Every structure is written in structure tokens, then in C-alpha cells.
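Below is one structure; the comments refer to it alone.
The values are calculated or read from the model by the stated rules, or taken from the named source; none is laboratory data. Predicted model only: the values in this text are computed from it and were never measured. Please note: Cβ atoms are built from the backbone with ideal geometry, for glycine as well, and neighbour counts cover all protein chains shown. When the accessible area is computed, the model is the full protein with side chains, heavy atoms only, and any ligands, DNA or RNA have been set aside. Shrake-Rupley method; radii C 1.70, N 1.55, O 1.52, S 1.80 Å.
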Amino acid sequence: MVYFIKRSIVWLRRIRYSRGFGVHSPWAYKFIRYVINEHYPYYKYNDLEELVYGLDRRTRKLCKLYFRLVNYLQPDFFLDFFPSSPCYRFYVTAACKKLSYHQINHEFSFDDVNDKEHLATKCCVAHIPLTNNYQDSVDYVLNNLSSDSVLVLEGIKKDKDTNLFWKKLIKDSRVGVTFDLYYCGIVFLKTNMTKQNYIVNY
């Protein structure tokens, strides 16, 4: 009930940002429409719901988002920083057969990645919850991953500190296009694109 009430309030506040409305960039519109807010029932969703059970609604919603993001990008690596559960692993590996999934359990270190020397040249998705020493983890990712990579930050509106951190990040010269989904932020590291932060009613 609490999730439903909060979700309704957030949705109403962001209603003018629904499904790419008002977005002039064709690429950004397609990304919002067909990745972030895609409602197509992928056939693997049912299998994954049976495999990964007991999730709350928000976590399940994020699992499906990360599935679609990985399905769209087809990255080489998924770096999961300080995961609180294995749920994301099941979803992202189901979305891309070539994906190499790695848990990062040490602060701003890729020591768990055997072929870490390739990270700077491959497409990676780095998922970082804004907990622990997240500032250093984000900084390390921005300095070491390739420009084809994408950073996903979970909890950008959790409190004043994370909200301020997000606002500073979208202005960072190492960051390109960003998407504010309230529950998480998606950051493209390709800086040759016109810098823009899109607020999305997700």
C-alpha cells in the first residue's frame, strides 16, 4: 500500500514527462519509449518471475528495466556493485547471452573481474546503488570504463545528499546524456552527444 501511494504521487508529479512527451531528440525519444517505458511482455518475464520470487513491486520493476536496458545495449560486461540480492543477475544474464556478469564487492576496485584490462575498450553497464562509499565507486567507473558504457545509479532521490550528488553528476564533463527515472538514473558516458538530462515518468 505504501509503495502504491508513493508511486502514485511520483507519477502524478511527472505526468507531463510520460512516454517521451516533449522530447525532441529522436534517439532519446526511442530510448524512453521502447526501453524505459516499453510495456511489451517479453516472454522471459514469466520464466524469471517463477525463478526469482518474493520481490517487492519496485525491485521487480527495476529488474525488468535492467533486462530491457541490457537487451537494448547488448553489453560485454555487467558490473554489479554491492548487490543486496542476486535478482538483477538473473534478469540481465537472461537478456544477453554474451554478457559477463561480475559482482564488485570491494570499493572502487575491479579485482573480481578476471579480464578487467578489457573494460576500457568494451561496452559495460555498471550498476551502483547509492549506498556505502558510492562517490568513489562512481568516480572510478567514470575514469575507467569506455565511452560506450552506461552507468545506472539506484536511489538518486533517496535523500538530500543523493539528490545533490545526482545534480552534480549530470553536469560532470565525463558524462553525456542522462535520464532521471526518480528511482534510478541512467548515465551514458558517450560525451560526443549533446548533453541533456531527461526527466522520465517511469
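Miscellaneous remarks
- On inspection, Y134 qualifies as over 20 Å from V70 (Cα atoms), modelled with pLDDT under 95 and in contact with a Leu (Cβ under 9 Å, 6 or more places away or on another chain).
- D172 fulfils the conditions (1) open to solvent by 10 Å² or more (accessible area, probe 1.4 Å); (2) modelled with pLDDT under 95 except for a single criterion, (2).
- All of (1) part of a strand (DSSP E or B); (2) in contact with an Asp or Glu (Cβ under 7 Å, 6 or more places away or on another chain) hold for V152 with one exception: (2).
- Boolean, Y140 is modelled with pLDDT under 95, open to solvent by 20 Å² or more (accessible area, probe 1.4 Å) and in contact with a helix residue (DSSP H, G or I) (Cβ under 9 Å, 6 or more places away or on another chain): no
- The residues in the stretch 29-59 that are of a type outside the set (A, V, I, L, M), closer than 15 Å to A95 by Cβ and open to solvent by less than 80 Å² (accessible area, probe 1.4 Å) can be counted, and the count is 5.
- Residue tally, condition within 12 Å of the chain's Cα centre (by Cα) and either among the aliphatic types (A, V, I, L, M) or open to solvent by 40 Å² or more (accessible area, probe 1.4 Å) (or both), over the stretch 73-96: 3
- Scan of the stretch 175-202 for residues that are of a type outside the set (V, I, T), open to solvent by less than 20 Å² (accessible area, probe 1.4 Å) and not in a strand (DSSP E or B), ordered by number: G176, L181, Y183, L189, N201, Y202
- Single match in K64, K97 (criterion: at negative phi and without any contact (Cβ under 8 Å) to a residue 24 or more places away in the chain): K97
- Filtered residue count, the stretch 149-165, keeping only those that are of a type outside the set (S, T, N, Q) and either crowded, with 22+ Cβ neighbours inside 10 Å or closer than 21 Å to Y88 by Cα (or both): 9
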